[in-house]
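The values are calculated or read from the model by the stated rules, or taken from the named source; none is laboratory data. The structure presented is a predicted model; accordingly, all values stated were derived computationally and were not measured. Virtual Cβ from ideal backbone geometry, glycine too; neighbours counted across all protein chains shown. Quick note on the areas: whole protein, heavy atoms, side chains included, nothing else; ligands and nucleic acids left out. Shrake-Rupley method; radii C 1.70, N 1.55, O 1.52, S 1.80 Å.
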Amino acid sequence: MGISGNTVKDLSGNGHDAAITQVSSQPVKSTSNGGHLSFNGSGGYATVGAYSFPTYTGITVSFYANFGTSADNFERIIDFGNRDANNNLEVGRIGTSTDFFAEAWTGTSSPGWCRANGSIDTNWHFWIVTIGSGYCNIYKDNVQITTNFTYNSLPTADTWNKMYVGKSNWADAAFEGGIAELAFYNRVIDSTERTLNYNAALDQTAPVLSGGANSINENQDIATLISFDQFGSTLSIIGGNDSDKLTITSGGYVYFIANPYFPNYENPTDFGADRRYDFVVRVIDPSGNYTDYTTYVTISNVNENATLTIPSLSATPTKGVGLTITVTPGGDNPVPPGKITYLVDGKRIPGCYKKTYSGSGNSTCLWKPALQGYRELSVTYTPTDISYIAATSKKTFLIYKRTTLR
């Protein structure tokens with residue numbers, strides 16, 4: 001589990017977050033032991049939203065915790081139910097003893113405690129409780145400390161509306177200590193999964209990230225690479241002003257989503273239109289530790305190759321009749337100034353050789369075809385800035401014979 005503000009986040013992705021209710025400013029997030037929820041017995045707790053569970057054959061609860069020094073009466077790690085004695089699942093301390101217990105009610109009936117006597121101390125330990133068909137087992141630090149404890153009770157498949165962490169559905173004491181890595185399963189997990197959970201609880205080191213915060217040239221899809229130090233981690237983009245414009249791969253490569261978010265310097269789509277794309281990456285390692293990393297990518301301008309539209313004519317091309325040729329230069333914004341030359345069959349059109357182009361609008365040339373038949377019209381746009389590549393556009397026209405008298 002992760003803790004953000006007054007919410008205990010469900011890191012499984014199933015959305016069963018828990019809301020923290022504080023009493024005397026407790027419980028609070030603690031950064032020790034890799035991060036946990038710390039209780040001082042004041043009465044604070046966390047509540048998971050209502051949960052409807054299907055028909056099942058077993059239950060597993062696992063958690064990493066330490067019990068406080070005061071041995072509060074029947075303090076709970078969890079108590080899931082609808083009130084007292086109503087399909088409850090309880091895990092905690094028996095009375096003020098050092099005995100650990102789990103109890104599962106079927107409706108208003110209970111066979112008593114599944115217990116491990118003398119197993120509680122004030123150190124951090126990883127606990128797993130499994131309740132199957134006719135038995136219960138308790139594991140401490142991945143070592144089984146009960147031997148198929150006879151137990152014939154499971155909650156009736158229903159909905160739990162009062163799912164407490166650190167609080168009882170009875171008038172019992174509030175929890176004192178720390179709780180982390182809490183997980184619930186509507187099945188009995190096997191030894192492989194128990195070991196994975198145990199190793200995850202011992203790994204309290206959050207991933208370390210680097211990368212981003214760089215500048216890239218416009219018109220490319222890859223934004224940056226986020227590096228992380230723990231193999232098998234999962235990555236996602238969870239926030240930032242421009243999170244909707246980016247995606248991240250399992251290897252940490254951040255890409256711009258397809259148009260309209262492709263990073264064009266002249267037409268920025270980022271929040272604020274300052275060509276800085278801000279986002280937050282979350283990396284969760286295989287043990288459930290996570291790091292949120294805020295970073296950005298800025299977009300730099302690149303001189304793009306010149307472009308030129310296909311020549312268009314103002315009238316049907318006719319021998320001896322004047323008309324206007326029009327082309328539109330482009331390739332960047334603003335379009336660079338330059339020179340434009342018009343040729344017919346490789347020969348210059350008078351007055352249209354290296355015509356000055358200001359960088360705005362169209363370019364035109366007045367042409368009076370001297371010959372009829374097919375003629376190739378070629379126009380070349382050469383920007384003054386030599387970092388641009390010139391563009392040439394061609395089109396063949398049929399020049400008709402003039403049929404009217406002068």
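Some notes on this structure:
- Test: Ala391 is free of Cβ contacts under 8 Å to residues at least 60 places away in the same chain and of a type in the set (A, V, I, L, M): no
- Of all residues making up segment 259-301, the number that are acidic (Asp, Glu) and open to solvent by 60 Å² or more (accessible area, probe 1.4 Å): 2
- Qualifying positions in segment 47-61 - under 27 Å from the mean Cα position of the chain (by Cα) and either assigned to a strand (DSSP E or B) or among the polar types (S, T, N, Q) (or both): Thr47, Val48, Tyr51
- When segment 193-230 is filtered for residues that are more than 15 Å from Gly288 (Cβ to Cβ), in a loop (DSSP other than H, G, I, E, B) and open to solvent by 70 Å² or more (accessible area, probe 1.4 Å), the ones remaining, listed by number, are Val208, Asp221, Asp229.
- Consider segment 310-330 and keep the residues that are open to solvent by 60 Å² or more (accessible area, probe 1.4 Å) and farther than 17 Å from Pro350 by Cα. The one that is nearest to the chain's Cα centre (by Cα) is Ile310.
- Among the residues making up segment 360-405, those that are under 18 Å from Ile310 (Cβ atoms) and of a type in the set (Gly, Ala, Ser) are Gly361, Ser363, Ser378, Ala390, Ala391, Ser393.
- When residues of segment 126-145 are limited to those that are open to solvent by less than 10 Å² (accessible area, probe 1.4 Å) and polar (S, T, N, Q), the one nearest to Asp99 (Cα to Cα): Asn137
- Screening Thr324, Thr382 for residues that are β-branched (Val, Ile, Thr) and under 30 Å from Glu218 (Cβ atoms) leaves exactly one candidate, Thr382.
- Here Phe39 passes the criteria (1) part of a loop (DSSP other than H, G, I, E, B); (2) under 26 Å from Lys140 (Cβ atoms) except the one numbered (1).
- The condition of being surrounded by 17 or more Cβ atoms within 10 Å (Cβ to Cβ) and out of contact with any Phe, Trp or Tyr (no Cβ under 6 Å at 6 or more places or on another chain) holds for only one of Asn86, Asn123, Asn152, that being Asn86.
- Taking segment 310-403 as the region of interest, the strands (runs of 3 or more DSSP E) fully inside it that hold 3 or more residues being touching a strand residue (DSSP E or B) at 6+ places or on another chain (Cβ under 7 Å) and within 27 Å of Glu266 (Cα to Cα) are 338-344, 355-357, 373-383, 391-399.
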